[in-house]
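Step one of this worksheet: look at the structure below.
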Amino acid sequence: MHHATSGNLDKRGVGDVTTLTLEEFYEKAWLEKLGYRFFRNPLVMFILGPIFMFLIMHRLPLPRYGKRQTHSVWLTNLGIVALAAGLIALVGWKAYVMIQLPVIWLAGTGGIWLFYIQHQFEDVYWERAENWNYVASALLGASYYKLPKVLEWFTGSIGYHHIHHLSPRIPNYYLAECQRRSPILQRWARVVTIPESLRTVRLKVYNESRQRMEGFPKTEAPPVGEGQTGKATLSNPS
């Protein structure tokens, strides 16, 4: 997610977890709804997703990339091929695949999970461009994933994601101290614990009128009299 668009419902960053508003979900054709339900399934997002993202999508120089990004993708791919060829020559292709695939999958699953938790929680802040606020987006639109100290160390204090969005130049080894010393951060940070994070997988759409993430609606069409409330203020989540 781009820092400038975090919490902005009009500007979705290229790395965002695709999220529809409740109204957008109602407006989709049945096949699009089915595809969205499939994508938001935890087995797809956290099991198949890492392989798809890191072995396929991140290896492609997509049309939206600029010249510098395209060169970076090709150079990275060249480096991966060279390293893989060297390791296969050293240990054989079977050993290489049996080591590399689990590592990619586990690391990718952890990365996607952390990114999901950082922006997909019940009272997350999302707002239209005209009402969007940088500080509110950082403090209320990015979570403080409160991890045990050992996991906090292994993840490089990535749980302090709200501080990272507020000021990306703060190094990771100062993030915990910033949280401890700031009454504002302590008051407004959206704390998510590990048990709470497990419950966020049920969140699928953003309810515009309630300003909350919710599960899928029980019906495929809005109840009579609903469906127009939030259209003037909200659109695509960021």
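Things worth noting here:
- Count of segment 88-112 residues which are more than 30 Å from Leu151 (Cα to Cα) and open to solvent by 60 Å² or more (accessible area, probe 1.4 Å): 6
- All positions within segment 173-193 that are out of contact with any Leu (no Cβ under 7 Å at 6 or more places or on another chain), closer than 30 Å to Arg40 by Cα and open to solvent by 60 Å² or more (accessible area, probe 1.4 Å): Val191
- Test set (1) in a loop (DSSP other than H, G, I, E, B); (2) more than 26 Å from Thr21 (Cα to Cα) - Val150 fails condition number: (1)
- Single residue of segment 113-126 satisfying the filter (open to solvent by less than 40 Å² (accessible area, probe 1.4 Å) and among the hydrophobic types (A, V, I, L, M, F, W, C)) that is modelled with the lowest pLDDT: Trp126
- Taking the conditions (1) at pLDDT 90 or above; (2) open to solvent by 30 Å² or more (accessible area, probe 1.4 Å); (3) among the polar types (S, T, N, Q) in turn, Thr21 satisfies each one other than (2).
- Inside segment 36-46, residues that are surrounded by 13 or more Cβ atoms within 10 Å (Cβ to Cβ) and either at pLDDT below 90 or more than 14 Å from the chain's Cα centre (by Cα) (or both) make up a count of 4.
- Any chance Leu140 is crowded, with 16+ Cβ neighbours inside 10 Å and not hydroxyl-bearing (Ser, Thr, Tyr): yes
- Lone qualifier among Ile51, Ile56 - being β-branched (Val, Ile, Thr), touching a helix residue (DSSP H, G or I) at 6+ places or on another chain (Cβ under 8 Å), closer than 25 Å to Leu114 by Cα and open to solvent by 40 Å² or more (accessible area, probe 1.4 Å): Ile51
- Meets criteria (outside any helix (DSSP H, G or I) and either within 30 Å of Cys178 (Cβ to Cβ) or under 21 Å from the mean Cα position of the chain (by Cα) (or both)) for Leu139: no
- Looking across segment 179-210, the residues that are basic (Lys, Arg) and assigned to a helix (DSSP H, G or I) come down to Arg180, Arg181, Arg187, Arg199, Arg202.
The values are calculated or read from the model by the stated rules, or taken from the named source; none is laboratory data. As the structure is a computational prediction, the values presented were derived from the model and not from experiment. Cβ atoms come from the backbone with ideal geometry, glycine included; neighbour counts cover every protein chain shown. Accessible surface areas use protein heavy atoms only, side chains included; no ligands, DNA or RNA. Shrake-Rupley method; radii C 1.70, N 1.55, O 1.52, S 1.80 Å.
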